[in-house]
Amino acid sequence: MLINCTRCGRPLSPRHSQCDHCSALNDVPNVRLAKRPEETTALDTSYSTVLGSRTAAQRVAIEAVERFIVHEQHVAIARPAVEVANFLSKPNSLYQNYHQQVFSNGRYAGTGPIDTIRIQFENAALPNLADQIVFGSLSVAGRGQPDFGNTTMILSPDACKPRTTFFWGNPWVLSKTMRILVGETFPMGLRSTWENGYKLVTCKHHAEIDCKSLSPLECNDLLNAPTASGDPEYIEAHYWNGFPASVVSKIVFASSSGPSTSEILAWEIIQESVKAMHSHIVCEEV
């Protein structure tokens with residue numbers, strides 16, 4: 001579906017942000033998806049319904065969590081240490097998503113049951129855009145999803161704001177929960193812009209927020225608690241296209257997870273690369 005450029009009014013492809021006619025920069029495609037009136041209306045309706053169902057004390061607790069998220073939310077991308085080391089050790093490299101890496105022969109295509117069909121579920125959440133999205137998670141304590149790797153890249157909020165949207169969860173896990181069939185799309189109200197991430201958190205986790213205050217790690221645990229079946233659960237971050245190392249603000253290595261010798265070596269390479277080429281990045285071991 002074509003939309004119009006905000007400056008000249010001429011047609012703009014759903015996969016482009018720059019107008020071919022006047023060169024104006026419009027919102028990136030995933031942000032435009034989240035800003036659709038029907039999307040924002042559905043999210044706002046759910047948010048109002050949730051707040052209306054809570055007690056006064058529960059609303060106070062929810063507001064405290066929301067304030068914390070507004071000030072501390074980040075995009076976290078958890079990957080194996082070796083992959084992060086390869087990315088940071090090459091000058092001017094661009095971190096790409098799974099589909100872009102496979103297309104450019106940067107990695108082998110996965111042969112697991114999820115890898116062979118993942119694009120179908122990702123496109124259900126991001127119609128015709130999934131191959132251009134870097135997938136991460138919403139984090140408030142500098143921790144990524146351990147299911148995807150023991151090394152987490154935390155991206156700069158300033159770089160993320162104009163390029164990032166949030167989604168209710170992993171599309172594959174969510175499709176099982178909601179029984180979304182191949183060829184169907186997800187209902188409205190499951191995504192938000194960067195600024196409205198707190199609304200998505202409240203709509204999803206309001207029942208788990210009681211009347212006590214939560215620490216940063218408790219908030220992060222709330223956002224990343226696995227499902228009853230053991231599937232990874234989190235609020236998914238969608239970052240438009242790839243990013244250079246300059247967008248990474250922090251790297252966290254989970255040494256407590258029992259890393260292998262090759263992972264420890266990769267962590268040493270990461271630290272050396274940061275010292276040599278990316279001094280703005282903070283390295284942390286937990």
Practice problem: Tell me which residues, restricted to the range 1-45, are touching a helix residue (DSSP H, G or I) at 6+ places or on another chain (Cβ under 9 Å) and among the polar types (S, T, N, Q). | Solution: Ser13, Ser17, Asn26, Asn30, Thr40
Quiz prompt | Selection from the range 272-286 of residues that are over 14 Å from Pro91 (Cα atoms) and buried (at least 17 other Cβ atoms within 10 Å of the Cβ) | solution = Ile281
Exercise. Return yes when Pro91 is surrounded by fewer than 20 Cβ atoms within 10 Å (Cβ to Cβ), modelled with pLDDT under 95, touching a strand residue (DSSP E or B) at 6+ places or on another chain (Cβ under 7 Å) and under 27 Å from Ile251 (Cβ atoms) and no when it is not.
Key: no
Quiz item: For the range 191-236, which residues satisfy the criterion of being closer than 17 Å to Ser137 by Cα, charged (D, E, K, R) and at pLDDT below 80?
Solution: Asp231
Practice problem: For Gly189, indicate whether it is at positive phi and touching a Phe, Trp or Tyr at 6+ places or on another chain (Cβ under 9 Å). | Solution: yes
Quiz item: Taking the range 233-254 only, how many residues are in a helix (DSSP H, G or I) and surrounded by 13 or more Cβ atoms within 10 Å (Cβ to Cβ)?
Solution: 2
Self-check item: Complete set of residues in the range 118-135 that are at pLDDT 90 or above and of a type in the set (Val, Ile, Thr)
Solution: Ile133, Val134
Quiz item: Do you know which residues across the range 204-222 are surrounded by fewer than 22 Cβ atoms within 10 Å (Cβ to Cβ) and either in contact with a Pro (Cβ under 8 Å, 6 or more places away or on another chain) or closer than 20 Å to Cys160 by Cβ (or both)?
Solution: Lys204, Pro216
Quiz item: With Leu51, Leu88, Leu25 as the choices, which residue is in contact with a Lys or Arg (Cβ under 7 Å, 6 or more places away or on another chain) and among the hydrophobic types (A, V, I, L, M, F, W, C)?
Solution: Leu51
Exercise. Would you confirm whether any residue within the range 246-264 is at negative phi, of a type in the set (Ser, Thr, Tyr) and touching a Ser or Thr at 6+ places or on another chain (Cβ under 6 Å)?
Key: yes
Self-check item: Pair list, Cβ under 8 Å, 6 or more apart: the range 46-61 residue touching a residue at least 40 places away in the same chain (Cβ under 8 Å), other residue in a helix (DSSP H, G or I) and of a type in the set (Ser, Thr, Tyr)
Solution: Tyr47/Thr202; Val50/Thr202; Leu51/Thr202
Self-check item: Tabulated pairs, the range 67-84, first touching a residue at least 40 places away in the same chain (Cβ under 8 Å) and within 19 Å of His238 (Cβ to Cβ), second part of a helix (DSSP H, G or I) and β-branched (Val, Ile, Thr), C-beta under 7 angstrom, 6+ apart or interchain
Solution: Ile69/Val201
Quiz item: Where in the range 1-87 are there helices (runs of 4 or more DSSP H), lying fully within it, with 1 or more residues that are surrounded by fewer than 18 Cβ atoms within 10 Å (Cβ to Cβ), under 19 Å from the mean Cα position of the chain (by Cα) and hydrophobic (A, V, I, L, M, F, W, C)?
Solution: 56-72
Practice problem: Scan the range 260-284 and report the pairs whose first residue is under 20 Å from Pro157 (Cβ atoms) and whose second residue is surrounded by 12 or more Cβ atoms within 10 Å (Cβ to Cβ) and among the small types (Gly, Ala, Ser), with Cβ atoms within less than 6 Å and a gap of 6+ or a chain change. | Solution: His278/Ala245
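The values are calculated or read from the model by the stated rules, or taken from the named source; none is laboratory data. Computed from a prediction, not measured in an experiment: that's the story for all the values here. Methodologically, a virtual Cβ is constructed for each residue, glycine included, from the backbone with ideal geometry; neighbour enumeration extends over all protein chains shown.
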